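Undergrad: Quick one: this structure, given as structure tokens, is what I'll be asking you about.
The values are calculated or read from the model by the stated rules, or taken from the named source; none is laboratory data. Keep in mind that this is a model prediction, so the values were computed, not measured. Every residue, glycine as well, gets a Cβ built from its backbone with ideal geometry; the counts of neighbours run over all protein chains shown.
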Amino acid sequence: MGSAVDKQNISSSLIQYNQAGIGGVEVVPIYGAKGFENNFINYLSPQWMNMLDHTVQQSNKLNMGVYISVGTGWPIGGPNVSKQDAASKVIVQSYNLKANTDLMEKLVINDPKQIGYASLNTLMGFGENGFTIDLTGMVLKDGTLEYRSQTDLKLFAVFDAKTKQVVKICTRWRRVYNRSLF
């Protein structure tokens, strides 16, 4: 938070992300965060650029991508931004699938605020002895899983969801915008 980073924690975090199967990271240069003022690194300072360079080098070693947002982390947009392109987030739900039984629950988003916004992206099953199976293609449009396992599985459904954040604009700037010539 607030560019309060160091090489050791960057490396450690990247290794953890990589081991979890995450293929890349995003760097968002935001302003300071309470409680981290003493560790804050000024944006684009030589020290900040050194931390960025370290992040890219470590990510390359792990075959991970790095994306840098040139904004502040606040959502950008307005009425011209489609639902598809709106600020997004990931929601993970877990299920237990017992051997030789059907999953009785539908694989649909549980958060009522996300109905009509979230969609199933991936469904993975994990069993004993490291067994994994991608079940995404076995989910019908209504959320029914068409798969019967011969072993107990822990299922993780990953949903693409929306933050439903709106662009914030202060009253002063709204007045200026409303008086503009366009």
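Undergrad: Out of all the residues in segment 101-121, is one or more buried (at least 17 other Cβ atoms within 10 Å of the Cβ), of a type outside the set (Phe, Trp, Tyr), assigned to a strand (DSSP E or B) and under 21 Å from the mean Cα position of the chain (by Cα)?
TA: Narrowing segment 101-121 to residues buried (at least 17 other Cβ atoms within 10 Å of the Cβ): 103, 107-109, 114, 117-118, 120.
Then drop every residue that is not of a type outside the set (Phe, Trp, Tyr), which leaves 103, 107-109, 114, 118, 120.
Subset that is assigned to a strand (DSSP E or B): 120.
Checking which are under 21 Å from the mean Cα position of the chain (by Cα) leaves us with 120.
Taking every residue of segment 101-121 in turn, at least one turns out to be buried (at least 17 other Cβ atoms within 10 Å of the Cβ), of a type outside the set (Phe, Trp, Tyr), assigned to a strand (DSSP E or B) and under 21 Å from the mean Cα position of the chain (by Cα).
Undergrad: If you check Ile133, Ile68, Ile76, Ile115, which single one turns out to be modelled with pLDDT of 95 or more and of a type in the set (A, V, I, L, M, F, W, C)? If you could, list the steps in order and put the result at the bottom.
TA: On the way: Ile68 fails: modelled with pLDDT of 95 or more; Ile76 fails: modelled with pLDDT of 95 or more; Ile115 fails: modelled with pLDDT of 95 or more.
None of the others qualify; the one that does is Ile133.
Undergrad: Sticking with this structure for a sec: Within segment 25-34, is even one residue more than 17 Å from Ser69 (Cα to Cα) and surrounded by 13 or more Cβ atoms within 10 Å (Cβ to Cβ)? Reasoning before the result, please.
TA: At the first step, the residues of segment 25-34 found to be more than 17 Å from Ser69 (Cα to Cα) are 33-34.
So of that shortlist, the ones also surrounded by 13 or more Cβ atoms within 10 Å (Cβ to Cβ) come out as 33.
Looking for residues that are more than 17 Å from Ser69 (Cα to Cα) and surrounded by 13 or more Cβ atoms within 10 Å (Cβ to Cβ), one finds at least one in segment 25-34, hence yes.
Undergrad: On to the next question. Against the condition under 29 Å from Gln19 (Cβ atoms) and in contact (Cβ under 8 Å) with a residue 60 or more places away in the chain, how does Val139 come out, does it pass?
TA: Working: under 29 Å from Gln19 (Cβ atoms): yes; in contact (Cβ under 8 Å) with a residue 60 or more places away in the chain: no.
Considered against the rule, which asks whether it is under 29 Å from Gln19 (Cβ atoms) and in contact (Cβ under 8 Å) with a residue 60 or more places away in the chain, Val139 comes out as no.
Undergrad: Same structure, new question: From Asn100, Asn50, which residue is at pLDDT 90 or above and either assigned by TED's automatic domain parsing to the domain that holds Gln150 or touching a Phe, Trp or Tyr at 6+ places or on another chain (Cβ under 8 Å) (or both)? Break it down stepwise before answering.
TA: Numbers: Asn50 fails: either assigned by TED's automatic domain parsing to the domain that holds Gln150 or touching a Phe, Trp or Tyr at 6+ places or on another chain (Cβ under 8 Å) (or both).
Sole residue among the options that is at pLDDT 90 or above and either assigned by TED's automatic domain parsing to the domain that holds Gln150 or touching a Phe, Trp or Tyr at 6+ places or on another chain (Cβ under 8 Å) (or both): Asn100.
Undergrad: Within segment 82-94, is even one residue closer than 22 Å to Tyr147 by Cα, touching a residue at least 24 places away in the same chain (Cβ under 8 Å) and in a loop (DSSP other than H, G, I, E, B)?
TA: Initial filter on segment 82-94 (closer than 22 Å to Tyr147 by Cα): 92-94.
Keeping just the survivors that are touching a residue at least 24 places away in the same chain (Cβ under 8 Å) gives 92-94.
Retained after the next criterion (residues that are in a loop (DSSP other than H, G, I, E, B)): none.
Scanning segment 82-94, I find no residue that is closer than 22 Å to Tyr147 by Cα, touching a residue at least 24 places away in the same chain (Cβ under 8 Å) and in a loop (DSSP other than H, G, I, E, B), so the answer is no.
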